Amino acid sequence: MSRIQIVALIVSILLILLIFQLIRRKKLKEQYSLLWFLTVAVILLLSLWDAPLFKLSRAVGIAIPSNMLFLLALLFLFGMALHFSLLVSRLTDQTKMLAQKLALLDRDLRKERQADNPVGGPASAQSRAEQGGNGAE
């Protein structure tokens, strides 16, 4: 086993331990951990058995197998960036929708309070005090 394979094996083991720690501490959701475990498995596979990397690099026309590894890493990072961009876009839309629903509920609650409490009554003074008024106009 070459020195680079030993280093890749150690890095893979450390990454697996890191992923488990992040899951245990609730910093990483299980659905994303599967993707990272798959990534570590590919790194481990290519570090221990480099024949697929040589075959793939020859099939694509890349002379140096390490360049093929960098291309695969770049494609993976591009895929992750695209995935997280889609996730952020969806969460942004959901946040906007929730803010609009909250504003409508707040408006309805204020209208209901105004309808239930006649103007000038003790409840309306309390309502004005909650809204920042002093109640004595």
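Scanning the stretch 35-77 for residues that are touching a helix residue (DSSP H, G or I) at 6+ places or on another chain (Cβ under 6 Å) and free of Cβ contacts under 8 Å to residues at least 12 places away in the same chain turns up F54, S57, I62. Within the stretch 80-96, one or more residues are part of a helix (DSSP H, G or I), in contact with a helix residue (DSSP H, G or I) (Cβ under 9 Å, 6 or more places away or on another chain) and of a type outside the set (K, R).
The set of residues in the stretch 44-54 that are among the aromatic types (F, W, Y) and not in a helix (DSSP H, G or I) contains only W49. Scanning the stretch 1-43 for residues that are surrounded by fewer than 11 Cβ atoms within 10 Å (Cβ to Cβ), modelled with pLDDT of 90 or more and in a helix (DSSP H, G or I) yields a total of 2. Scanning the stretch 1-46 for residues that are within 20 Å of F76 (Cα to Cα) and polar (S, T, N, Q) yields S12, Q31, S33, T39. Taken as a whole, the stretch 49-60 holds no residue that is loosely packed, with under 13 Cβ neighbours inside 10 Å and within 17 Å of the chain's Cα centre (by Cα). Filtered by the rule that a residue be among the β-branched types (V, I, T) and over 24 Å from the mean Cα position of the chain (by Cα), the stretch 87-119 gives a lone residue, V119. Filtering the stretch 61-89 to residues that are farther than 16 Å from A51 by Cα and among the small types (G, A, S) leaves A73, G79, A81, S85, S89. Of the residues making up the stretch 58-70, those that are in a helix (DSSP H, G or I) and modelled with pLDDT of 90 or more number 3.
The values are calculated or read from the model by the stated rules, or taken from the named source; none is laboratory data. Quantities reported herein were computed from a predicted structural model and do not represent experimental measurements. Using ideal geometry, Cβ is built from the backbone for each residue, glycine included, and neighbour counts are taken over all protein chains shown.
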